[in-house]
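Read-outs: derived from the displayed coordinates by stated rules, not from any lab. Computed from a predicted structure; not experimentally measured. Here the Cβ is made from the backbone with ideal geometry for all residues, glycine too, and neighbour counts use every protein chain on show.
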Amino acid sequence: MEKIVILVVDDEAVIRDGIKRVLEGDRFEVETCGSGHKAIERMQEKEYGLIMTDLKMPGMNGIELIKAVKALQPYIPVIMITGYASIDTAVEAMKNGAADYISKPFTPDFLMEKVQNALSQRTIPLDDLCLNKEISLHHGFHQFIGESKEMQKVYHRIMHVAATNSTVLITGESGTGKELAARAIHENSPRKDKPFVAVDCSSLADTLLESELFGHVKGSFTGAVQTKTGLFKIADGGTLFLDEVSNISLSTQAKLLRALQERKITPIGGTQLVPIDIHLVAATNKNLRTMANEGTFREDLFFRLNIIPIELPPLRDRKQDIPILIRHFLKKYTVEIGKEIRGVAPDVMSFLENHSYPGNVRELENMIERAVVLAEGDIIRNEDLELWDSKNTSIDKTIERIPQNSEELKEMKRHIRGKAVEALEKAFVMDALERNNWNVTRSAEETGILRPNFQGMLKKLGISVKEQMER
């Protein structure tokens, strides 16, 4: 018989080791960790048969961990362990999904009995079986398009977390649909009739972002000619979506962390604490763990945001969805533009299915829209894609004749290398601009190039951002 793996979460090593000694044997394998954050990391890597967690732990308490478990692996029973026994904590634990509740100290026999009872409750609800069937019968979910196993996993995670108030961190490359995921969470939550407020943290200066989030009182700084309500309060009762949260400064990160911990904010220049009731969803295309290790993002805020992680797969990792997406975008833009397009040529489909899509779904959508606009017939052909511009020629077309001697060969190789590098640079620059909605500053920052150097590349390659945006 395969052993059932139990995860014990407690900040006291003596408790963890004691439970492990009692339970581990022929039937159970026991793993231990010292914090709720570590437990969440473990759960992202494997599935457990049972979770046992202490109530009072630094960083993330047991109630918060129960909520996270129910979003990550909803069928797993959880037993709450605490030395702070009271009817209130027992009721709160059970209301949030705990299968049982044990007070310290306890005997080995009592512990084993509680574990066996909790494991007997491990079932798959009928509602979730219906959810599996509903999602599998459709090509998409809300505004997402795709039926691959990678996207099915995303859909299920969204449905589970939507029923909770646990903070969500959505990660993924640009163009993968992070705001779509945030909106899907909101629309499937009990808060769906309340506001959904989205903030692009990369588009606002730090002082302005702080004022936007927390509000300010009249006269609190130069230009504060009237009192302003912050977005935390505007989103009260609903969902606040912080996009590109990695761009928030360390000082504002500290205030955000305090607001999430206390569920209260203080407007700039104000003295009164204002209670808030929001479901916070954050998103980034950066690695916040790496940033935390480098000191550019607060580690404690990362842990607070990363309670429920949702990672959106890049399009290159779910290629079976590409034909579905192509059909969807063809239908969308033939209706919008007023053309009758029957489909795409076989060589075009082959190219689209094998392209790497550094700009992800957004890049594919832009390609299809451009092709529909430029198509002269009812079939999308290779020339209609016009990937970057008409000057972007392939290496094969640069070979006008076969060289006749070594000097001609060297010269032609130099010429071809130059054309290839130019084509690569053009593809690199255009893709960065498309991902960032033709914003030169953001494109330069994302690619790690100084803005003057990025502008120099645009000039050298003959790319006019204004002309591209008007196309």
List the aspartates and glutamates whose Cα sits under 14 Å from the Cα of Lys264, skipping any in the same chain fewer than 8 residues away. Asp236, Asp277
Taking amide hydrogens as modeled 1.01 Å from N in the peptide plane, which residues meet the under 5 Å criterion relative to Ile170, leaving out close sequence neighbours? Ala282, Ala283, Thr284, Ile310
Starting from the amide H of Ala198, placed 1.01 Å from N in the peptide plane, find each other amide H under 5 Å away whose residue is 5 or more places distant or on another chain. Phe241
First measure r as the distance between the Cβ atoms of His156 and Glu41, then evaluate 1/(1 + (r/R0)^6) with R0 = 22 Å and state the FRET efficiency to the nearest 0.05. 0.65
Among [x] 20, 45, 27, 8, 0; [y] 23, 58, 19, 1; [z] 21, 41, 23, 12, 4, 0, only one was calculated for this model; which label is it, if the read-out is P(r) over Cα pairs in 20 Å bins from 0, in percent? [x]
With θ set to phi - 60° and the Karplus curve 6.51 cos²θ - 1.76 cosθ + 1.60, what are the ³J(HN,Hα) couplings of region 229-241 in order, to the nearest whole Hz, using x for Gly and Pro? 7, x, 5, 4, 7, 4, 7, 3, x, x, 10, 10, 10
To the nearest 0.05, the calculated FRET efficiency linking Arg27 and Asn293 through their beta-carbon distance, R0 being 35 Å, is 0.35
Which entries of Lys56/Lys149; Lys38/Lys104; Lys70/Lys149; Lys20/Lys67 show an alpha-carbon separation above 26 angstrom in the structure shown? Lys56/Lys149
Rg/Rh (Cα only; Kirkwood hydrodynamic radius) as it applies to region 128-313: 1.00
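Just the number, please: percent antiparallel of the DSSP beta bridges in the chain, rounded to the nearest 5. Mind dumping the intermediate values first?
Numbers: 6 of 44 bridges.
Counting DSSP beta bridges with both partners in the chain, the antiparallel share is about 15 percent.
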In Hz, Karplus ³J(HN,Hα) per residue of region 42-47 (6.51, -1.76, 1.60; θ = phi - 60°; x = Gly, Pro): 4, 5, 6, 9, 8, 9
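Just subtract the alpha-carbon distance of Gln143 and Leu374 from 0.36 nm times their residue separation and send over the number in nm, one decimal.
Numbers: separation 231, 0.36 × 231 = 83.16 nm, distance 2.60 nm.
In short, 80.6 nm is gained.
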Could you check the simple spin-label distance between Lys218 and Glu12, using points 7 Å along Cα→Cβ, in nm with one decimal? 5.6 nm
Per residue of region 276-283, what does 6.51 cos²θ - 1.76 cosθ + 1.60 with θ = phi - 60° give for ³J(HN,Hα)? Whole Hz please, x for Gly and Pro, Karplus curve as stated. 10, 9, 9, 9, 8, 10, 10, 8
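Contour minus end-to-end for Asp88 and Ser249, with contour as 0.36 nm per residue of separation and end-to-end as the Cα-Cα distance? Write out the running numbers ahead of the final one.
Numbers: separation 161, 0.36 × 161 = 57.96 nm, distance 3.90 nm.
So the extension gain works out to 54.1 nm.
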Lys459 and Met112 label points (each 7 Å along its Cα→Cβ direction) are spaced in nm at 8.0 nm
Tell me, in nm to one decimal, what length is gained between Arg451 and Met412 on full extension, where the rule is 0.36 nm per residue of separation less the Cα-Cα distance? 10.7 nm
Length-normalised contact order of the chain in % [C-alpha pairs under 8 Å, at least 6 apart]: 11 percent
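Could you calculate the FRET efficiency of Thr207 with Met349 from 1/(1 + (r/R0)^6), where r is the beta carbon distance between them and R0 is 45 Å, rounded to 0.05? Please list the in-between numbers first.
Working: r = 50 Å, r/R0 = 1.11.
After rounding, the FRET efficiency stands at 0.35.
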Where in region 229-261 is the amide nitrogen less than 13 Å from a point lying 7 Å along the Cα-to-Cβ axis of Thr271? none
